[in-house]
Amino acid sequence: MFLCWCLSLVALIPLTTSTNPGVKVKLTAKGIEYGRQLAVASILQKLKTIKLDDMSGKVKVSPIGKVKYSLTNMKMVEVGLPTAALDMVPGTGVKLSIVNAYFRLEGNWRVKYLFVKDSGSFNLNANDISITTSLSIKSDQTGRPVVNCLDCGANVGKTSIHFKGGASWLYNLFSKYIDSAIRKAMQKQICPLVANAVSDLNNNLKTLNVLAKVDKFAEIEYSMVASPAVSKTSIDFGLKGEFYNIGKHQEPPFSPAVFSLPPQINNMLYIGISSFTIESAAFVYNTAGALSLYITDDMIPQGFPIRLNTRAFGVFIPQIAKRFPGLMMKLLVKTVKTPVITFQPNNTTVQSFSSVTAYAIQPNATLTPLFVLNLVSSVSARVFVSGTRLAGAVTLNKMDLTLGTSYVGDFQIGSLDSIFQMVLKMVVIPRMNAQLAKGYPLPTLGKMKLVNTQLLVLKDYVMIGTDVQFTS
């Protein structure tokens, strides 16, 4: 399955115009080796299903004369693929070579000569088996990858058969004729079974999250934007890595910048996620109106001395208490433009630009605007991998308040700083972190598990190094 995951990336070359990727993936030699192991295991299971049709015929054996024989119930009892190599062919694809393979079959024999009938069992050992296959990847009409065998060659080097029971000595006299027939029959079945093993992987490829839903607002696209760079030791992929509103693929007013993954070999897989990808998420959520929050008094911690009512705010802005005595208040915090995400080595910051509108809640539940503040805030972000998702958490660095509009006359806003810092720290940020902890899906296939995962924040992108496991 891991091999399919690798190849599925190759298959997605196509369908988008050339642009810089938002996400890059590097498959290392360690990952290629894991893919080889899984591919060989899949082919091994297929070869174990080899079944030979019953054989019968006549052979002239000196000095007895003509002997009628039949071989029945032939079945595979052991298959070994001790030596297999998966090679990346630069600019071409993948080549799988298996040598020194061996089979062991069992079956029953029956013979008739003159007036004698006899029967017994036999063992057949096939050795020096070699299998070579080249794989190609294409995309179907939905943009999903499909794996096909370009070519396949198989050769059974030698066989030896041993008959047991009854007149087995007789069979042993003409076993060389039977060896040849069985060898040809086995050899004929190998490549179709290899192709069958590859074809079975297509169902798994359909699970590749080329377009992955994040939540009710957003989805992320992982189609490829350029051909992969294939070398002898690694494959580098460029994925679009862009968030969209569900059902509406609107491009943001910015583009991904060029970035490169540094040489790495310790993990199977390296995933680079650019600041463009995260900023496209911010653009999507801002466009959807999801970056807004109404704050009411019941959301303020009980122990905090300042409540959301006109009496409390009247201490700082007296005209509020005079004009709207004894009323509860509500705040609306919403972004006014897309937040800016910055990745620097070991440091992630997000700068957001918001408005804060304060309302008095009238007895009939209508809202009367009191004032609008401009809020520019900076937060530090901790980015981490949770399962197969990229998640995060933020803490407030600083904030700056300015008066946008007042409906109650002029007032000094400096005294409100501590109140709105509390609002951010105790209400807004905890709710942001609850959403960020859910994360968004990384490019994965089927029941893929990331293990030994490490994350580094570098200039303009985050790099994830990880090994991979698949569960059945």
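The values are calculated or read from the model by the stated rules, or taken from the named source; none is laboratory data. These numbers were taken from a predicted model, which means no experiment stands behind them. Cβ sites come from the backbone with ideal geometry, for glycine too, and all protein chains shown count toward neighbours. Side chains are part of the model used for accessible areas, which takes the heavy atoms of the whole protein and leaves out ligands, DNA and RNA. Shrake-Rupley method; radii C 1.70, N 1.55, O 1.52, S 1.80 Å.
Structure data summary
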{"read-out": "Which listed residue, of Thr49, Thr28, is under 30 Å from Ile220 (Cβ atoms) and of a type in the set (S, T, N, Q)", "value": "Thr28"}
{"read-out": "Residues being closer than 22 Å to Ala381 by Cα, among the β-branched types (Val, Ile, Thr) and open to solvent by 20 Å² or more (accessible area, probe 1.4 Å) - total across the range 231-282", "value": "1"}
{"read-out": "Odd one out for Leu424 among (1) open to solvent by 30 Å² or more (accessible area, probe 1.4 Å); (2) farther than 30 Å from Thr466 by Cβ", "value": "(1)"}
{"read-out": "Count of the range 427-437 residues which are open to solvent by less than 20 Å² (accessible area, probe 1.4 Å) and either under 21 Å from Ile464 (Cα atoms) or over 32 Å from the mean Cα position of the chain (by Cα) (or both)", "value": "1"}
{"read-out": "Enumeration of residues in the range 279-308 that are modelled with pLDDT of 95 or more, among the polar types (S, T, N, Q) and either part of a loop (DSSP other than H, G, I, E, B) or touching a helix residue (DSSP H, G or I) at 6+ places or on another chain (Cβ under 7 Å) (or both)", "value": "none"}
{"read-out": "Members of the range 260-283 found to be of a type in the set (Phe, Trp, Tyr) and over 21 Å from the mean Cα position of the chain (by Cα), listed by number", "value": "Phe283"}
{"read-out": "Condition check for Thr348: of a type outside the set (A, V, I, L, M, F, W, C) and within 20 Å of Val427 (Cβ to Cβ)", "value": "no"}
{"read-out": "Residue ID - nearest to Lys112 (Cα to Cα), chosen from residues in the range 166-188 that are modelled with pLDDT under 85 and open to solvent by 40 Å² or more (accessible area, probe 1.4 Å)", "value": "Gly166"}
{"read-out": "Meets criteria (under 22 Å from Arg431 (Cβ atoms) and surrounded by fewer than 20 Cβ atoms within 10 Å (Cβ to Cβ)) for Thr342", "value": "no"}
{"read-out": "Residue check, Gly303 more than 21 Å from Thr444 (Cβ to Cβ), touching a strand residue (DSSP E or B) at 6+ places or on another chain (Cβ under 9 Å) and either among the aromatic types (Phe, Trp, Tyr) or free of Cβ contacts under 8 Å to residues at least 60 places away in the same chain (or both)", "value": "no"}
{"read-out": "Meets criteria (among the hydrophobic types (A, V, I, L, M, F, W, C), under 21 Å from Gly404 (Cβ atoms) and part of a strand (DSSP E or B)) for Phe343", "value": "no"}
{"read-out": "Qualifying positions in the range 438-465 - open to solvent by 40 Å² or more (accessible area, probe 1.4 Å) and assigned to a strand (DSSP E or B)", "value": "Lys449, Asn452, Thr453, Gln454, Leu455, Leu456, Leu458"}
{"read-out": "Failed item, numbered, when Met76 is tested on (1) open to solvent by less than 30 Å² (accessible area, probe 1.4 Å); (2) more than 30 Å from Tyr177 (Cβ to Cβ); (3) at pLDDT 90 or above", "value": "(2)"}
{"read-out": "Qualifying residue in the range 238-251 (condition: at pLDDT 90 or above, among the acidic types (Asp, Glu) and within 18 Å of Gly272 (Cα to Cα))", "value": "yes"}
{"read-out": "Residue match in the range 269-291 (condition: more than 20 Å from Leu442 (Cβ to Cβ) and in contact with a Gly (Cβ under 9 Å, 6 or more places away or on another chain))", "value": "no"}
{"read-out": "Complete set of residues in the range 408-465 that are on the phi > 0 side of the Ramachandran plot and among the polar types (S, T, N, Q)", "value": "Asn452"}
{"read-out": "Flag if Val376 is within 30 Å of Gly22 (Cα to Cα), touching a Phe, Trp or Tyr at 6+ places or on another chain (Cβ under 8 Å), modelled with pLDDT of 95 or more and part of a strand (DSSP E or B)", "value": "yes"}
{"read-out": "Unmet requirement for Met224, which otherwise passes all of (1) open to solvent by 10 Å² or more (accessible area, probe 1.4 Å); (2) at pLDDT below 85; (3) of a type outside the set (Ser, Thr, Tyr)", "value": "(1)"}
{"read-out": "Checking Gly314 against (1) of a type in the set (Gly, Ala, Ser); (2) surrounded by fewer than 16 Cβ atoms within 10 Å (Cβ to Cβ); (3) touching a helix residue (DSSP H, G or I) at 6+ places or on another chain (Cβ under 6 Å), the condition it does not meet", "value": "(2)"}
